[in-house]
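Report on one structure; see the data block that follows.
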Amino acid sequence: MLHFIPDRASTLSSRSADAMPNRLELAENARLRELVQRYLDRVEEQPQYTPEQEEAFRRRIKELLVEKDAVIVAHYYTEPQIQALAEETGGIVSDSLEMARFGKQHPAQTLVVCGVRFMGETAKILSPEKRVFMPTLEATCSLDIGCPPDEFARFCDQHPERTVVVYANTSVAVKARADWVVTSSIAVDVVEYLDRLGHKILWAPDKHLGAYIQRRTGADMLLWDGACVVHEEFKYRGILELKQLYPDAAVLAHPESPAAVVEIADAVGSTSQLIEAARTLPHKRLIVATDKGIFYKMQQAAPDKELIEAPTAGHGATCRSCAHCPWMAMNHLENLMLSLERETNEVLVDPELGRRALVPLERMLEFRERQLYSGD
Ligand code: SF4
């Protein structure tokens, strides 16, 4: 298997005995899943627009970006129309780490973050002097919902000897409680670094990503029991069946998927790393087990390759996300235009919490800068 996170250690450590959730945490899990489901039930059908309407939105957004000194910062999982417009207007389409770096470094005084809520909050924490808007503030994330700050704080209090490392897909309050914030493109490197220094890790919220990092680094990790509704639904058996149909295809998987899916993948990594894998792998066919929003940039990076969606709910069509994040899908051209025009959906962060969350976020960005500087 090709890991697009530098491969330095891979075996499970004998110190990992507490890496699996205990009984109490599993009981919690059922309640948190219900909570996530309540949010999913509230997701509305997205409007359909004619090409003429879309063109009118695009024209108006371009005017507003100039008028308001604004730039679009979009995630790979948003709709292709948004990604295309971000590229055309000097913005960025990227993973959450690059979104954070770009928003902080860009001279524009207004950021329009197209993605989910925690991405807008991260942009605001890193650039408190800028105004940050989002097409909708309702776009959330099952990982964020599944990690309520009070419960997480209690979990941390029970394990004061552990270094708290949280995924970027969390609320400001959870970040404020953390020692480190990481994205999937840098998580293995940070945990490996901490492990070398002798730290024991408390990881939240994605248990699949946490287990993957643990397998890669051998670090001593205690995992919160959260999951991504998109990546959790990719099916090992369905992918195997697809592999029989296309034996020449490589499988690309995000580490938020269950271990069985990750184990059969030819390349595992963050969104940026999977796009790079699509470009560099010799295979002409790729089975892609991540949100299908990524196809827009992946096809650009590998124009001669055939991209095939990995199956989610097998033949039963019982998936909740069906390979596209319901919250990412809430971003569209019309609400992007309206948020800029009316200056609504501004992301505001409690200043004190923001200041505390900034510390672990900057730690991650500085770590990344050091990696880039050393060519790692
Ligand atoms: S794809 Fe998963 S991790 Fe990403 S925003 Fe949606 S629910 Fe959260």
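The values are calculated or read from the model by the stated rules, or taken from the named source; none is laboratory data. Because the structure is a prediction, the values reported are computed rather than measured. Heads up, the Cβs are rebuilt from the backbone with ideal geometry, glycines too, and the neighbour counts pull from every protein chain shown.
Here is how the numbers come out for the structure above:
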quantity	calculated
Filter result (at pLDDT below 50, in a loop (DSSP other than H, G, I, E, B) and not polar (S, T, N, Q)) within segment 13-52	A19, M20, P21
Test: residue in segment 186-193 that is surrounded by fewer than 23 Cβ atoms within 10 Å (Cβ to Cβ), of a type in the set (V, I, T), over 20 Å from C325 (Cβ atoms) and within 16 Å of the chain's Cα centre (by Cα)	yes
Within segment 327-348, considering residues that are under 20 Å from the mean Cα position of the chain (by Cα) and not in a helix (DSSP H, G or I), the one farthest from V112 (Cα to Cα)	W327
Qualifying residue in segment 145-155 (condition: among the small types (G, A, S), in contact with a Pro (Cβ under 7 Å, 6 or more places away or on another chain) and surrounded by fewer than 22 Cβ atoms within 10 Å (Cβ to Cβ))	no
Within segment 199-213, tally of residues that are away from the ligand (no atom under 15 Å from the Cβ) and surrounded by fewer than 24 Cβ atoms within 10 Å (Cβ to Cβ)	3
Matching residues, segment 117-162, being under 23 Å from A227 (Cβ atoms) and of a type in the set (G, A, S)	G120, A139, S142, G146, A153
Residue satisfying condition, being of a type outside the set (F, W, Y) and farther than 23 Å from Y76 by Cα, within set P135, P148	P148
Only one of V132, V112, V93 that is touching a residue at least 60 places away in the same chain (Cβ under 8 Å) and within 25 Å of A289 (Cβ to Cβ)	V93
Counted residues, segment 83-107 - those being touching a Gly at 6+ places or on another chain (Cβ under 9 Å) and farther than 19 Å from S171 by Cβ	5
Residue among G226, G210 that alone is in contact with an Asp or Glu (Cβ under 6 Å, 6 or more places away or on another chain) and of a type outside the set (A, V, I, L, M)	G226
Matching residues in segment 142-198 - criterion: being touching a Ser or Thr at 6+ places or on another chain (Cβ under 8 Å), part of a strand (DSSP E or B) and within 16 Å of the ligand (Cβ to nearest atom)	Y167, V181
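The rows are residues; the columns are (1) within 16 Å of the ligand (Cβ to nearest atom); (2) within 18 Å of C322 (Cβ to Cβ); (3) modelled with pLDDT of 95 or more.
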site: E233; (1), (2), (3): yes, yes, no
site: R237; (1), (2), (3): no, yes, no
site: L240; (1), (2), (3): no, no, no
site: L245; (1), (2), (3): no, no, no
site: A253; (1), (2), (3): yes, yes, yes
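Yes/no matrix, rows are residues, columns are (1) crowded, with 19+ Cβ neighbours inside 10 Å; (2) at pLDDT below 95; (3) more than 25 Å from S142 (Cβ to Cβ):
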site: Q299; (1), (2), (3): no, no, yes
site: L307; (1), (2), (3): no, no, no
site: R342; (1), (2), (3): no, no, yes
site: V347; (1), (2), (3): yes, no, no
